[in-house]
Amino acid sequence: MKKLGFGLMRLPLSDPKEQSRVDLEQVCAMADTFLDRGFTYFDTAYVYHKGESERVAKEAIVKRHDRNSFTLATKMPIFNFKSGDGPEKLDAYFAEQLEKCGVDYFDYYLLHSLDAGSYETVQRLDAFGWGMKEKAAGRIKRLGFSFHDKAEVLDRILTDHPEAEFVQLQINYLDWEDERVQSRKCYETARRHGKEVVIMEPVKGGKLANLPEEAAALLRQAHPDWSPASWAVRFAASLEGVLVVLSGMSNQEQMEDNSAYMQDFQPLNAQETGLLEQAAKILSALPAIPCTACRYCVDGCPVSIPIPEYFALYNEDQLNLREGRPVDRGAYQKLAANGALASACVGCKQCEHACPQHLNVTGWLERVAKTYEGQ
């Protein structure tokens, strides 16, 4: 299997204000290009695009292509389970996902976004045991989980559950040595347990596609025709034991770029990896918010703050300030027209409970408000 996967979580929208309004025509064209170029792995989840991503997979892929021509992955939303929910809810979610995707089985099925807290829920429900029963029934071909926590937690899960066949990890060259994300340590833990790795966030929610000029020039000098995003995906795909690298592509241009250089993928050499280490040092010096724009924080916000959009603007303006340009308060006001100001945060912290990056979201919102509202 070629190492590029199509992540169906940042799809083009017919209405940029509404995440559930996916532009199906564009997605169909992107999926066709993806398959025509020999790639097969599509990744969706119950919660992506406010629950519409799985339906989009059905319309754009399942209905239009032979079932043997692609592999489909989706995920059990463990974080949606309440303390009183029993294992029968696993059956209910799974039946709904099969119907939404229009399939009889999933090639890859994951328990979604495990960490120390959600692992307690997994154990209470015997979710791995449930998954193995579905595997025996033929409705799951390969069982795994996605993960956001420290390497010691991952080691515990894999020790407890050697039946897990693969792990999906956040890996990119900026997070590789980050002590909060522990990309390298988690990768090495998975490999020590003999697990294949699916990589998510190789471009860190687009952050590694928009580099400060100092870092961009460093990479451009080595390969003028490589995009910054392609450097990031290449880094992830060069690791041993990687099954596939997911890219949440949002338009045909990104699809053309990614599928072109990944068709005949060649791993990075030592010199190229060294350049990325230098780029990471430049990026780490910036006071940026390590948000990946997964949008898990948004749906439950009681005052509808466009959190990822504010964080992306803040990060972009940190580059502007570094290069002598002022922050863009006009852009902030345009974003605020589609939701609440950052200062409207009521401190409920549901966003922090939902954030797989474990960010201090409310604290960063205070920083955004101070920057753009003068508070």
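Which of the residues that make up segment 2-54 are polar (S, T, N, Q) and in a helix (DSSP H, G or I)?
Quick first cut of segment 2-54, residues polar (S, T, N, Q) only: 14, 19-20, 26, 33, 40, 44, 53.
The answer is GLN26, THR33, SER53.
When the residues of segment 252-275 are narrowed to those that are touching a residue at least 24 places away in the same chain (Cβ under 8 Å) and among the charged types (D, E, K, R), which ends up surrounded by the fewest Cβ atoms within 10 Å (Cβ to Cβ)?
Checked segment 252-275; the qualifying residue surrounded by the fewest Cβ atoms within 10 Å (Cβ to Cβ) is GLU256.
Looking only at segment 33-44, which residues are closer than 13 Å to ASN251 by Cα and either of a type in the set (Asp, Glu) or at pLDDT below 95 (or both)?
Of all residues in segment 33-44, those closer than 13 Å to ASN251 by Cα come to 33-34.
Result: no residue meets the conditions.
Name the residues in segment 140-168 that are in a helix (DSSP H, G or I) and open to solvent by 20 Å² or more (accessible area, probe 1.4 Å), would you? Working first, answer last.
Just the residues of segment 140-168 that are in a helix (DSSP H, G or I), to begin with: 151-160.
GLU152, ASP155, ARG156, THR159, ASP160 - these are the residues of segment 140-168 that are in a helix (DSSP H, G or I) and open to solvent by 20 Å² or more (accessible area, probe 1.4 Å).
Could you grab me the full set of residues in segment 350-370 that are polar (S, T, N, Q) and either over 22 Å from the mean Cα position of the chain (by Cα) or within 21 Å of LEU111 (Cβ to Cβ) (or both)?
Initial filter on segment 350-370 (polar (S, T, N, Q)): 350, 357, 360, 362.
Residue satisfying the conditions is GLN357 alone.
Mind listing whichever residues of segment 55-88 are more than 24 Å from LEU4 (Cβ to Cβ), open to solvent by 20 Å² or more (accessible area, probe 1.4 Å), part of a helix (DSSP H, G or I) and touching a residue at least 12 places away in the same chain (Cβ under 8 Å)?
Answer for segment 55-88, where residues must be more than 24 Å from LEU4 (Cβ to Cβ), open to solvent by 20 Å² or more (accessible area, probe 1.4 Å), part of a helix (DSSP H, G or I) and touching a residue at least 12 places away in the same chain (Cβ under 8 Å): PHE79, ASN80.
Looking at GLY144, GLY86, GLY102, which one is among the small types (Gly, Ala, Ser) and within 25 Å of ALA237 (Cβ to Cβ)? Outline the logic, then answer.
Numbers: GLY86 fails: within 25 Å of ALA237 (Cβ to Cβ); GLY102 fails: within 25 Å of ALA237 (Cβ to Cβ).
That would be GLY144, the only listed residue that is among the small types (Gly, Ala, Ser) and within 25 Å of ALA237 (Cβ to Cβ).
Given the criterion open to solvent by 20 Å² or more (accessible area, probe 1.4 Å), part of a loop (DSSP other than H, G, I, E, B), of a type in the set (Lys, Arg) and touching a residue at least 24 places away in the same chain (Cβ under 8 Å), identify the matching residue among ARG191, ARG180.
Exactly one residue qualifies, and that residue is ARG180.
Quick one: is ALA137 without any contact (Cβ under 8 Å) to a residue 12 or more places away in the chain and either surrounded by 22 or more Cβ atoms within 10 Å (Cβ to Cβ) or not charged (D, E, K, R) (or both)? Steps first, please.
Working: without any contact (Cβ under 8 Å) to a residue 12 or more places away in the chain: yes; either surrounded by 22 or more Cβ atoms within 10 Å (Cβ to Cβ) or not charged (D, E, K, R) (or both): yes.
It is true that ALA137 is without any contact (Cβ under 8 Å) to a residue 12 or more places away in the chain and either surrounded by 22 or more Cβ atoms within 10 Å (Cβ to Cβ) or not charged (D, E, K, R) (or both).
Of the residues in segment 209-234, how many are among the aromatic types (Phe, Trp, Tyr) and open to solvent by less than 20 Å² (accessible area, probe 1.4 Å)?
1
Given the structure, is VAL27 under 22 Å from ASN258 (Cα atoms), touching a helix residue (DSSP H, G or I) at 6+ places or on another chain (Cβ under 8 Å) and either modelled with pLDDT under 95 or open to solvent by less than 20 Å² (accessible area, probe 1.4 Å) (or both)?
yes
Scan segment 194-207 for residues that are in contact with a helix residue (DSSP H, G or I) (Cβ under 6 Å, 6 or more places away or on another chain) and part of a loop (DSSP other than H, G, I, E, B) and report the count.
Here is the first cut: in segment 194-207, the residues in contact with a helix residue (DSSP H, G or I) (Cβ under 6 Å, 6 or more places away or on another chain) are 197, 199, 202-203.
Then drop every residue that is not part of a loop (DSSP other than H, G, I, E, B), which leaves 202-203.
Result for segment 194-207: 2.
Among the residues of segment 285-300, which ones are open to solvent by 20 Å² or more (accessible area, probe 1.4 Å) and not small (Gly, Ala, Ser)?
Hits for segment 285-300 are LEU286, PRO287, PRO290, CYS291, CYS294, ARG295, TYR296, VAL298, ASP299.
Considering only residues that are of a type in the set (Asp, Glu), part of a helix (DSSP H, G or I) and either touching a residue at least 60 places away in the same chain (Cβ under 8 Å) or under 20 Å from CYS186 (Cβ atoms) (or both), which ones fall in segment 91-123?
Listed by number, the list holds a single entry, GLU120.
Could you check TYR41 against (1) touching a Gly at 6+ places or on another chain (Cβ under 7 Å); (2) farther than 29 Å from CYS355 by Cβ; (3) surrounded by 16 or more Cβ atoms within 10 Å (Cβ to Cβ) and say which number it fails?
Here TYR41 meets the rest and fails (2).
For segment 318-337: of the residues being surrounded by fewer than 12 Cβ atoms within 10 Å (Cβ to Cβ) and in contact with a helix residue (DSSP H, G or I) (Cβ under 9 Å, 6 or more places away or on another chain), which is nearest to TRP364 (Cα to Cα)?
Only one residue tops the list, namely PRO326.
The values are calculated or read from the model by the stated rules, or taken from the named source; none is laboratory data. Keep in mind that this is a model prediction, so the values were computed, not measured. Counting neighbours? That spans all protein chains shown, and the Cβs are built from the backbone with ideal geometry, glycine included. Just so you know, the surface numbers come from the protein's heavy atoms only, side chains and all, with ligands and any DNA or RNA stripped out. Shrake-Rupley method; radii C 1.70, N 1.55, O 1.52, S 1.80 Å.
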